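First comes the structure, then the notes that go with it.
The values are calculated or read from the model by the stated rules, or taken from the named source; none is laboratory data. Keep in mind the model is a prediction, meaning the values are calculated, not measured. Virtual Cβ from ideal backbone geometry, glycine too; neighbours counted across all protein chains shown. The area values use the complete protein model at the heavy-atom level, side chains included, leaving out ligands, DNA and RNA. Shrake-Rupley method; radii C 1.70, N 1.55, O 1.52, S 1.80 Å.
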Amino acid sequence: MQVFAVDDATVNLRIYEKMLQSIRGVDVTTFSKPTEALEYSQNHQPDLLIVDFRMPEMDGVELIKHFRLIPGYLDIPIIMLTGEQDAEIRRRAIEAGASDFLNKPADPVEFSSRVRNLLELRQRRKELADRAQHLASEVRAATREIALRERETINRLSRAAEFRDNETGMHIVRMGRFAQVIGRALGLGESEAELLLLAAPMHDIGKVATPDAILLKPGKLTPDEWTIMKQHTTAGYEILKDSASTMLQKGAEIALTHHEKWDGSGYPNGIAGDAIPISGRICAISDVFDALTSVRPYKPAWPAEQAIIHIHQSSGTHFDPDLVKVFERVLPEINDIRGQLTDREEALT
């Protein structure tokens, strides 16, 4: 345990040093000037500070005040040694952060006993802090593990829905990346943008409830079939909505609203404008752009330029006009993602 002693009288420092060295496990550093003690303390943390009150340049109370301002030094015990009996001095010292007092000349037995008690308290506090830090580290590690497992499970469930629809697993990855880029450019916080990345792939998870005869039909759907097809939005919402997971809750919101349109002509609820959650509006653009530029059994891939024109022309009807502007601004990033995650890739990244 490191003990610093500060007194302008050299003879006193020698006495304190001798008494402290008699305590097992204690290393002592002495200072005759408060300024030197403060400077040294900036880079060397003691476990106990012993200070005299009356010193030139700076008295013990001022030294304590400055010492307590050093980051991480609020809990270090401090003993003030003084011959003064003035209660006002002790009050000021307590307000500055003194932990205990000893009268000068110090009684060796009392001195050693007070020092041992305060160092033992300091040791217990350090052990508790180390234990708390260790537990916090374990909690962070466990939380990261849970998040990774949750993300893996969601990715695999989302891919299952895509495979039933003759779409590639890369569609959900690209869509999540598009949504993250758009959300970030819109000014959403990094955690919200990350949530879009993870939750957007669940947008069509409700298709697991859509009959194969409708989902896999190569031709145009009848009005009745189209009514059933549109139910994948509410089915996805029902699957995900009651989860305690923030990620799944966001997935439920996206599943329900990614086919709503800015002008209110979308489904399932025909809501319009800002009534559509921002996650649904972002994923609407992300989903449509990737679908248009990807090969499907019922259509070839559109050139990116043609898809961009379509998005622009649908501003104010299908899509939020402000988001269309953001989308057009981040097109270089969107195109980079398309180039990195082609349908020929099989692995989710």
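Some notes on this structure:
- Any hit, region 105-114, residues being open to solvent by less than 70 Å² (accessible area, probe 1.4 Å) and within 20 Å of MET55 (Cβ to Cβ): yes
- All positions within region 182-203 that are in contact with a Ser or Thr (Cβ under 9 Å, 6 or more places away or on another chain), free of Cβ contacts under 8 Å to residues at least 60 places away in the same chain and open to solvent by less than 20 Å² (accessible area, probe 1.4 Å): PRO201, MET202
- In region 242-267, the residues that are in contact (Cβ under 8 Å) with a residue 12 or more places away in the chain and either touching a Cys at 6+ places or on another chain (Cβ under 6 Å) or open to solvent by 50 Å² or more (accessible area, probe 1.4 Å) (or both): THR246, GLU253, ILE254, HIS258, LYS261, TRP262, ASP263, SER265
- Counted residues, region 47-60 - those being among the basic types (Lys, Arg) and either open to solvent by less than 80 Å² (accessible area, probe 1.4 Å) or part of a helix (DSSP H, G or I) (or both): 0
- When residues of region 206-253 are limited to those that are among the hydroxyl-bearing types (Ser, Thr, Tyr) and part of a loop (DSSP other than H, G, I, E, B), the one modelled with the highest pLDDT: THR222
- Positions within region 91-113 being of a type in the set (D, E, K, R), more than 19 Å from LEU74 (Cα to Cα) and part of a helix (DSSP H, G or I), in sequence order: GLU110
One line per residue, one yes/no per condition, for (1) farther than 16 Å from SER113 by Cα; (2) open to solvent by less than 10 Å² (accessible area, probe 1.4 Å); (3) touching a strand residue (DSSP E or B) at 6+ places or on another chain (Cβ under 6 Å):
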position	(1), (2), (3)
GLN2	yes, no, yes
ARG14	yes, no, no
VAL26	no, no, yes
GLU36	yes, no, no
GLU39	yes, no, no
GLN45	yes, no, no
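- Pairs, first at negative phi and among the acidic types (Asp, Glu) in region 320-334, second buried (at least 20 other Cβ atoms within 10 Å of the Cβ) and in a loop (DSSP other than H, G, I, E, B), C-beta under 9 Å, six or more apart: ASP320/TRP262; ASP320/ILE276
- Hits in region 187-205 (condition: outside any helix (DSSP H, G or I) and not hydrophobic (A, V, I, L, M, F, W, C)): GLY187, GLY189, HIS203, ASP204
- Residues located in region 293-312, provided they are surrounded by 18 or more Cβ atoms within 10 Å (Cβ to Cβ) and modelled with pLDDT of 95 or more: ALA307, ILE308, ILE311
- Matching residues, region 61-87, being touching a residue at least 40 places away in the same chain (Cβ under 8 Å), open to solvent by less than 30 Å² (accessible area, probe 1.4 Å) and of a type outside the set (Val, Ile, Thr): LEU63, PRO77, LEU81
- Residue tally, condition of a type outside the set (Lys, Arg) and open to solvent by 20 Å² or more (accessible area, probe 1.4 Å), over region 313-327: 7
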